[in-house]
Amino acid sequence: MTAAVAVLASGGGTNLQALMDAAGAGGEYRVARVISNRADAGALGRARRAAITVTVLRNPADPAELLAALGDADLAVLAGYLKLVPAPVVARFRWRMINIHPALLPAFGGSGMYGLRVHAAVLASGASVTGATVHYVDEAFDRGPVIAQWPVPVRAGDTPDALAGRVLAVEHRLLPTVAAELARRGFPPGVRLHPGGTAFTAGETPALDLR
Ligand code: GRF
């Protein structure tokens, strides 16, 4: 059975696009709905061009409105969604709501840590490795159990923009891979996937093989 995915996005939606583009490959999931808190989100244009149902929330803090927008989705994916998910919705979608964050959580996460701020903080810290994280959503920003992470090297002379681009390319591989694997397994509690099989390549967009 193909899982119905609802994607929540506040911005341009390149992660949404990656999910849409990968959906046809294995057939594990399809993007059925796109939800935003912003009527001008680029993600909505991507959805409309693909004839996917879109909803703009009047009040993202209203659990009833968000639950209605999520409908019968099997999996909710936060892909650049900048609002806190109300606790009743987190409870209803326990083990069926995931978020992607452009750093190796728990480092460089939490309230206010989004966009270029994340990569600027990584560079300011002197870290030699950053990465992308997909985790379960709970009642706080970026705090739920980690499902999968993938490392991304920091290079000498990196600017926040350059690092963001390198991490985003990995996000676009990691998120669809995790969504498909969760759907394949039927969304059991507490899945944890580890880089396995294909070691991290020297390239910037590794062949993801998470087990
Ligand atoms: C991504 O970097 C994601 O990790 C973060 O927000 C950004 C969304 O980018 N949560 P896009 O809208 O998917 O291009």
(Q) Condition (residue is more than 23 Å from V90 (Cβ to Cβ), open to solvent by 20 Å² or more (accessible area, probe 1.4 Å), charged (D, E, K, R) and without any contact (Cβ under 8 Å) to a residue 40 or more places away in the chain) applied to the stretch 149-156: is it met by at least one residue? (A) yes
Flagged in the stretch 35-77 as open to solvent by less than 10 Å² (accessible area, probe 1.4 Å), under 17 Å from V137 (Cα atoms) and in a helix (DSSP H, G or I), in numbering order, are L66, L70
Here the qualifying pairs (Cβ atoms under 7 Å; residues six or more apart or on different chains; first in the stretch 43-70 and of a type in the set (D, E); second open to solvent by less than 70 Å² (accessible area, probe 1.4 Å)) come out as E65/L57
Filter the stretch 1-30 for residues that are among the hydrophobic types (A, V, I, L, M, F, W, C) and within 13 Å of the ligand (Cβ to nearest atom); the one that is most open to solvent (accessible area, probe 1.4 Å) is M20
Given (1) away from the ligand (no atom under 15 Å from the Cβ); (2) under 27 Å from P188 (Cβ atoms); (3) at pLDDT below 95, P153 misses just (2)
Residue hits (the stretch 85-115; within 24 Å of V34 (Cβ to Cβ) and open to solvent by 50 Å² or more (accessible area, probe 1.4 Å)) are A87, P88, A91, R92, R94, W95, R96, Y114
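The values are calculated or read from the model by the stated rules, or taken from the named source; none is laboratory data. What you see is a predicted model; the values in this text were computed from it and never measured. Here Cβ is always computed from backbone atoms with ideal geometry, including for glycine, and neighbour counts include all displayed protein chains. Accessible surface areas use protein heavy atoms only, side chains included; no ligands, DNA or RNA. Shrake-Rupley method; radii C 1.70, N 1.55, O 1.52, S 1.80 Å.
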